[in-house]
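Working notes, beginning with the structure itself.
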Amino acid sequence: MLPPVIAPSILSADFARLGEEVARVLADGADWIHFDVMDNHYVPNLTIGPQVCAAIVPYARRDGVAAPIDVHLMVEPVDALVPTFAKAGATRISFHPEASRHVHRTIALIRDHGCSPGLVLNPATPVEWIDEVLDDLDLVLLMSVNPGFGGQAFIPQTLAKIGRVRARIDRHAAGTGRLIRLQVDGGVKADNIAAIAAAGADTFVAGSAVFGQPDADGGYRRALDALRSMAKPN
Ligand code: DX5
Ligand code: ZN
């Protein structure tokens, strides 16, 4: 398994101080910045776009090195935004297959623009949707809430689904030697991350669990430490 990655979602950050929030959470131990893009069409909420991504790039640094910006596109259609986000500094781009008419083409487009492609499965989307494209993916993201809002409760059926995706990723790795990340997004907290890791996830998005803490007295660092200590594989 790949080493665990903690990716705080800036959806729950203070948007009026976004640059500082990004820098703070990285200084306090985050691995990636999870960047939730919502269009009020594919999902019933409207958030941030490529201009905001470009604006945080100078703040997305840890020890002088650029930290990955993990863009989660909850938009339909997808393709037009891929080059724009690549230009705006995205490192990884994940999208929902229901939102793209040609999923394989969108994955190739992300790769051609120098980013790492990920495919996102909603709670009701069957795991079989990854089967024909696993070769081309660097990450599979399982939504453990319905996309659109931070602060929702983790859907418990996700745990069994993580196991089914883990088995596919491991089988693929045995044949190709290529490890694909298994990310979980939605309702991840210190009290359930151990079970999520034990089920087979290695990459954890956490919005409210991190940014819901008071930053002033080291709350982000404590939240990140708690998540990381429980996210270790057994
Ligand atoms: C939901 C977003 C998530 C969300 C996670 O549509 O994709 O990234 O912000 O927030 P929490 O951790 O609060 O559920
Ligand atoms: Zn997300």
* What are the residue pairs meeting all of these: first residue in the stretch 97-125, first residue closer than 18 Å to PRO147 by Cβ and within 15 Å of ligand 2 (Cβ to nearest atom), second residue part of a helix (DSSP H, G or I) and of a type in the set (Val, Ile, Thr), Cβ atoms under 8 Å, and 6 or more apart or on different chains? -> LEU119/VAL103; LEU119/ILE107; LEU119/ILE130; LEU121/VAL127; LEU121/ILE130; LEU121/VAL165; PRO123/THR158
* To do: Can you tell me which residue among LEU137, LEU109 is in contact with a Leu (Cβ under 8 Å, 6 or more places away or on another chain) and of a type outside the set (Val, Ile, Thr)?
  => LEU137
* Structure fact -> Filter the stretch 141-195 for residues that are near ligand 1 (Cβ under 9 Å from one of its atoms) and of a type in the set (Gly, Ala, Ser); the one that is nearest to ASN40 (Cα to Cα) is GLY148
* Among the residues of the stretch 200-231, count how many are part of a helix (DSSP H, G or I), open to solvent by 20 Å² or more (accessible area, probe 1.4 Å) and among the small types (Gly, Ala, Ser). => 3
* Structure fact -> So, first residue more than 16 Å from ligand 2 (Cβ to nearest atom) in the stretch 202-230, second residue aliphatic (A, V, I, L, M) and in a helix (DSSP H, G or I), Cβ within less than 7 Å, six or more apart or across chains; the pairs are GLN213/ALA223; TYR220/VAL25; TYR220/VAL210; ALA223/ALA209; ALA223/VAL210; LEU224/VAL210; MET230/ILE193; MET230/ALA194
* Could you pull out the residue among ASP202, ASP217, ASP135, ASP131 that is of a type outside the set (Phe, Trp, Tyr) and modelled with pLDDT under 95? => ASP217
* Structure fact -> Taking first residues from the stretch 135-162 that are under 30 Å from GLY177 (Cα atoms) and within 12 Å of ligand 2 (Cβ to nearest atom) and second residues anywhere that are open to solvent by less than 60 Å² (accessible area, probe 1.4 Å) and assigned to a loop (DSSP other than H, G, I, E, B), the pairs with Cβ under 6 Å that are 6 or more apart or on different chains are MET143/ASN122; MET143/PRO123; MET143/GLY186; SER144/PHE154; SER144/ILE155; SER144/GLY186; SER144/GLY187
* Of everything in the stretch 23-44 that's touching a strand residue (DSSP E or B) at 6+ places or on another chain (Cβ under 6 Å) and not in a strand (DSSP E or B), which residue is farthest from ligand 1 (Cβ to nearest atom)? -> LEU26
* Structure fact -> All conditions in (1) open to solvent by less than 60 Å² (accessible area, probe 1.4 Å); (2) within 14 Å of ligand 1 (Cβ to nearest atom) are true of LEU134 except (2)
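The values are calculated or read from the model by the stated rules, or taken from the named source; none is laboratory data. These figures come from a predicted structure and were not determined experimentally. Note: ideal-geometry Cβ built from the backbone for every residue, glycine included; neighbour counts use all protein chains shown. SASA here: full protein model, heavy atoms, side chains in, ligands and nucleic acids out. Shrake-Rupley method; radii C 1.70, N 1.55, O 1.52, S 1.80 Å.
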